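Below is one structure, written out as structure tokens; comments come after it.
The values are calculated or read from the model by the stated rules, or taken from the named source; none is laboratory data. Keep in mind the model is a prediction, meaning the values are calculated, not measured. Methodologically, a virtual Cβ is constructed for each residue, glycine included, from the backbone with ideal geometry; neighbour enumeration extends over all protein chains shown. Each accessible area value is taken on the protein alone, full model and side chains, heavy atoms only, with ligands, DNA and RNA left out. Shrake-Rupley method; radii C 1.70, N 1.55, O 1.52, S 1.80 Å.
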There are 2 protein chains.
Amino acid sequence: MSFLYKADPVRGAEWARLFATKAPGISFHIWPDIGQADRVRYLAAWVPPPDIARQFPKLELFFSTGAGIDQFDLAALPPELPVVRMAEPGVVAGMVEYATMAVLALHRDLPAYIRQQREGLWAAHRVYPASKRRVSVLGLGVLGCAVLGQLRTIGFQLAGWSRTRRQLDGVACYAGQEELPAMLAATDILVCLLPLTDSTRGFLDAKLFSMLPQGAGLVHVGRGPHLVERDFLDALASGQIGDAVLDVTDPEPLPPTHAFWRHPRIEITPHIASMTQPLSAAEALLENLRRFEAGEPMVGRVDRDKGY
Amino acid sequence: MSFLYKADPVRGAEWARLFATKAPGISFHIWPDIGQADRVRYLAAWVPPPDIARQFPKLELFFSTGAGIDQFDLAALPPELPVVRMAEPGVVAGMVEYATMAVLALHRDLPAYIRQQREGLWAAHRVYPASKRRVSVLGLGVLGCAVLGQLRTIGFQLAGWSRTRRQLDGVACYAGQEELPAMLAATDILVCLLPLTDSTRGFLDAKLFSMLPQGAGLVHVGRGPHLVERDFLDALASGQIGDAVLDVTDPEPLPPTHAFWRHPRIEITPHIASMTQPLSAAEALLENLRRFEAGEPMVGRVDRDKGY
């Protein structure tokens, strides 16, 4: 029985050491060393190799090494193969830190102060209490819920939107396309934490922006293709969007000449909001393996119909 | 019996309305309209007028409208006059928000990403978990304690330093000059929230910087004169200080040509970390008035010996 790892090799070496201690019965291979193909029972990859059903006939489980699975074509995997996303505490903690930082930065006018610094301009903007600032999160998965939990400790007015209805303490929850306009109309800072699927591609478009109050802030920590570039630049130009913090773009890396880099009201970070921590990721994966063997539900199991 | 207010008149008008409702027995005057000088029992000011003992013979209480009292000469006030700082929930909440934002920004390399954006450079820096990041706070008053409480929810390794020993859950507490080096040696991000007194002026100097690990971050939300400008620029130049977020400078406003504005590793905001909210400030003051009349201890009462 073997475990095949196909992603960053430095991280792979860290995982191999942890497996040797915690799961000595499993032989651990780092791509391109696949060992005996017909002994591969588990595969963890950022992007799976092609034709895995034929290549690894005994494959029982596929793990994405990322929190999302939009980096590969889910439909190309055998339909009965369980697919598990990486939902480890490091990913969640990183996203909570980043989203909290970005929301606070927009709440406290940091982008304006960064601009003023270039001009040597000392001028204060009015401070609003967090209790008067309406922060809404699109996407109420593990990450969205954790971000809302942290923002709640700061005292913001919180709302959240998901496809199917959720209930969260201290958060006004909205569900489905028909309730989206009501939430957006009452949003000062919008955080996008949607999964990327066919129905969320281009979600952040002119129509959505037009439903926000004039000058709303945007924190985009979903996936680059959620955002319609032309509509976004227009919304910034008209002042419909005030300031924006983007951690994801399309494409990534963003080319050096791209207009986003030089836009005075866009702050960009290079997809670093949430990065798996090698050790906690491997531990989360081993825990899922244990659950799988025991017939228990795995954390982060992908619903093949929903696509996330 | 009257209350004399001498600070921002817009805010004064908001206070006047609140007093009319909540303390209709007190006649409220906004400087320079002092009413009958010998009826002034309470004075609230950012900077008190000169010679207040002679000018207001019935004065019983002096309120600073700021969280600190270093903007005026405490020794010039009559020695027996009780002096009360503004310790209202709005000031505390604002500082917690700002310090949390600044610490997260240093923790997650935001200054480096801001620099990279100017060059169109997409390059990720390693993310460390908050549990491996050592954040230390100088000054454990109401603000320092509240900031540590919020940082704790994010999972940082926390330490705090004060003149006299404090005990705080989840915070390694250090006290007195002799314990300062041990804390500094174990600090990745240092937050200055000291009061400004004769013994803390110039506290952030070359000697202190040299006790930090190379590349430590600084969040300065105390007072401008805590920081020795020349030593600070040297520490940045040598890499002893990595990045710094300054909300206070000396002088304020910082002149447009000052070197801090253009330094690539300094982020400046114009003393906006913590601003009193007119209504919660007036409510906190009225509560202190009630305590004073009832002979109860007031919140924020200044110890004239310590100077804060």
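Which residues, taken from region B:267-295, are open to solvent by 70 Å² or more (accessible area, probe 1.4 Å) and either among the aliphatic types (A, V, I, L, M) or in contact with a helix residue (DSSP H, G or I) (Cβ under 8 Å, 6 or more places away or on another chain) (or both)? Correct list: B:LEU279, B:GLU283.
Filtered by the rule that a residue be out of contact with any strand residue (DSSP E or B) (no Cβ under 7 Å at 6 or more places or on another chain) and touching a residue at least 60 places away in the same chain (Cβ under 8 Å), region B:191-217 gives B:PRO195, B:LEU196, B:THR197, B:ASP198, B:PHE203. Restricting region B:230-276 to residues that are among the acidic types (Asp, Glu) and touching a residue at least 60 places away in the same chain (Cβ under 8 Å) leaves a set whose member that is farthest from the other protein chains (Cβ to nearest Cβ) is B:ASP243.
Listed conditions (1) at positive phi; (2) touching a helix residue (DSSP H, G or I) at 6+ places or on another chain (Cβ under 8 Å); (3) not acidic (Asp, Glu) are all met by B:GLY35, apart from (2). Somewhere in region A:86-107, is a residue assigned to a loop (DSSP other than H, G, I, E, B) and more than 14 Å from chain B (Cβ to nearest Cβ)? Scanning region A:86-107 turns up at least one residue that is assigned to a loop (DSSP other than H, G, I, E, B) and more than 14 Å from chain B (Cβ to nearest Cβ). What about B:PRO213, is it surrounded by fewer than 16 Cβ atoms within 10 Å (Cβ to Cβ) and away from every other protein chain (no Cβ under 14 Å)? It is true that B:PRO213 is surrounded by fewer than 16 Cβ atoms within 10 Å (Cβ to Cβ) and away from every other protein chain (no Cβ under 14 Å). Selection over region A:229-248 of residues that are open to solvent by less than 10 Å² (accessible area, probe 1.4 Å) and within 21 Å of A:PRO195 (Cβ to Cβ) gives a count of 5.
Within region B:274-304, being in contact with a strand residue (DSSP E or B) (Cβ under 9 Å, 6 or more places away or on another chain) and in a loop (DSSP other than H, G, I, E, B) holds for B:MET298, B:VAL299, B:GLY300, B:VAL302, B:ARG304.
Can you confirm whether A:ALA44 is of a type in the set (Gly, Ala, Ser) and assigned to a strand (DSSP E or B)? Judged against the criteria, A:ALA44 is a match.
Go through region A:227-255 and give me each residue that's part of a loop (DSSP other than H, G, I, E, B) and small (Gly, Ala, Ser). Hits for region A:227-255 are A:SER238, A:GLY239. For region A:160-190, a residue qualifies if it is touching a Ser or Thr at 6+ places or on another chain (Cβ under 9 Å) and closer than 19 Å to A:TYR308 by Cα, and the qualifying residues are A:GLY160, A:TRP161, A:ARG163, A:ALA175, A:GLY176.
Considering (1) among the basic types (Lys, Arg); (2) at pLDDT 95 or above; (3) crowded, with 19+ Cβ neighbours inside 10 Å, the lone condition that A:ARG85 does not fulfil carries the number (2).
Just one of (1) crowded, with 17+ Cβ neighbours inside 10 Å; (2) not in a loop (DSSP other than H, G, I, E, B) fails for B:ARG54. It is (1).
Considering every residue within region A:8-20, establish whether at least one is open to solvent by 10 Å² or more (accessible area, probe 1.4 Å), at pLDDT below 95, in contact with a helix residue (DSSP H, G or I) (Cβ under 8 Å, 6 or more places away or on another chain) and away from every other protein chain (no Cβ under 14 Å). Checking region A:8-20: at least one residue is open to solvent by 10 Å² or more (accessible area, probe 1.4 Å), at pLDDT below 95, in contact with a helix residue (DSSP H, G or I) (Cβ under 8 Å, 6 or more places away or on another chain) and away from every other protein chain (no Cβ under 14 Å). Taking the residues in region B:115-151 that are in contact with a Pro (Cβ under 9 Å, 6 or more places away or on another chain) and open to solvent by less than 30 Å² (accessible area, probe 1.4 Å) as candidates, determine which candidate is farthest from the other protein chains (Cβ to nearest Cβ). Ranking the candidates gives B:GLY139 first. So which residues in region A:256-266 are open to solvent by less than 60 Å² (accessible area, probe 1.4 Å) and either in a helix (DSSP H, G or I) or closer than 15 Å to A:SER64 by Cβ (or both)? Listed by number, the residues that qualify are A:ALA259, A:PHE260, A:TRP261.
One residue stands out among those in region B:21-51 that are more than 18 Å from B:PRO82 (Cβ to Cβ) and touching a residue at least 60 places away in the same chain (Cβ under 8 Å): the one that is most open to solvent (accessible area, probe 1.4 Å), which is B:LYS22.
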